[in-house]
1. When you look at residue 42, is it assigned to a strand (DSSP E or B) and surrounded by 12 or more Cβ atoms within 10 Å (Cβ to Cβ), yes or no?
2. For the subset of region 107-130 comprising residues that are part of a loop (DSSP other than H, G, I, E, B) and among the small types (Gly, Ala, Ser), which member is nearest to residue 79 (Cα to Cα)?
3. Can we say residue 31 is polar (S, T, N, Q), over 18 Å from residue 127 (Cα atoms) and at pLDDT below 95?
4. In region 73-88, what residues are free of Cβ contacts under 8 Å to residues at least 40 places away in the same chain, surrounded by fewer than 18 Cβ atoms within 10 Å (Cβ to Cβ) and within 22 Å of residue 122 (Cβ to Cβ)?
Amino acid sequence: MKELLNEIYRYLIPALCIVIAAYCVKHLLSSRAPKVTPAYFYDEQNGREYTITSWETSIGRSGACDIVLNYASVSRFHAVISKHKKGWVITDTHSSSGTFIKGKRIDEPTVVNDGDIVSFGGIALQFRIK
């Protein structure tokens, strides 16, 4: 009886492993990240657009940021904008010069609406949703 079970398990366990691996690969290849609502910051001074390309986008002077604002008044890692159920939310990441929405300094994650003027270290950009 023990030998029969060994023979069954010898083929059953590898077969189950193959089925599980195939299931995992199928789902890895078929699942795609949800699309981000197209949004961007518009610089009225020079007509430049800074596109928000993911659910969470970093903003700052550092080249490691998703949106690079190369101004001395902007901190290296100044702020983050992220998509939530309630809309787009900006969080100041303890920048030295602050982040402002419609002229009001934000100290906690704050919803930003289409057309709002957002200031990063004195650099004013208009938030727009396409």
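1. Yes: the conditions hold for residue 42.
2. Applying the filter and picking the extreme gives 121.
3. yes
4. 76, 77, listed by residue number.
The values are calculated or read from the model by the stated rules, or taken from the named source; none is laboratory data. The shown structure was predicted, so the numbers you read here are calculated from the model rather than taken from an experiment. Please note: Cβ atoms are built from the backbone with ideal geometry, for glycine as well, and neighbour counts cover all protein chains shown.
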